[in-house]
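Peer 1: Before I ask anything, let me first share the structure, which is written out below as structure tokens.
The values are calculated or read from the model by the stated rules, or taken from the named source; none is laboratory data. As the structure is a computational prediction, the values presented were derived from the model and not from experiment. Just so you know, the surface numbers come from the protein's heavy atoms only, side chains and all, with ligands and any DNA or RNA stripped out. Shrake-Rupley method; radii C 1.70, N 1.55, O 1.52, S 1.80 Å.
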Amino acid sequence: ANSITIEPAAAERIIDERTAFILTSMLQDVIKRGTGRRALAMGRSDLAGKTGTTNDSMDAWFAGYHPSLVAVVWIGYDQPRKLGDRETGGGLALPVWIDYMATALRNTPVTELSPPEGVVNIGGEWFYEEYTRSSGVRDVGLQSPDAEEGAPSAPSASEKSDILDMFGK
């Protein structure tokens, strides 16, 4: 297989490092306990990614990364047609990604990410320090029927029915 090596260039940070850390943690969970768990067989804790499948199984992919390498595997036809009724990104693309990454990372040590300043772990979940469970959003402003006049309220049964009808439900 051919390999292209691109030296990383200095780049401007485009998202907050806390956001990048929490997002990576979420995408690591796809591998630890989600649709990408087959990648656990690699024995690495420093991988993150996301499976994907289009409607009717026309395309399947896995996009994943390690702190030093990103790889995306897409499987589909140039002239779109179904891959099969039960084909998914986790079933088709992920095994290809695993084979590639196992070879590409063969001599690369496991890289554990350190949480940046300003994130905290509570009960196994990461939070921005200023938005912990006790200080985050608790409701979206829907009040009880006896709330002050003019305050938003939950939709009535009739409104719910009208909304569902708009979406053909």
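Peer 1: Considering just Cα atoms, how many Å³ per residue does the convex hull of region 79-123 enclose?
Peer 2: In region 79-123, the Cα hull volume divided by residue count equals 192 Å³.
Peer 1: Moving on to the next point. Computing the accessible area with a 1.4 Å probe over protein heavy atoms, can you report the carbon and sulfur percentage for region 30-126?
Peer 2: On the way: 3020 of 5930 Å².
Reported share for carbon and sulfur atoms: 51 percent.
Peer 1: Taking N as the number of residues in region 1-110, what is its Cα Rg relative to 2.2 N^0.38 Å? Let's see the in-between values first.
Peer 2: Working: Rg = 15.0 Å, N = 110, 2.2 N^0.38 = 13.1 Å.
Ratio of Cα Rg to 2.2 N^0.38 Å: 1.14.
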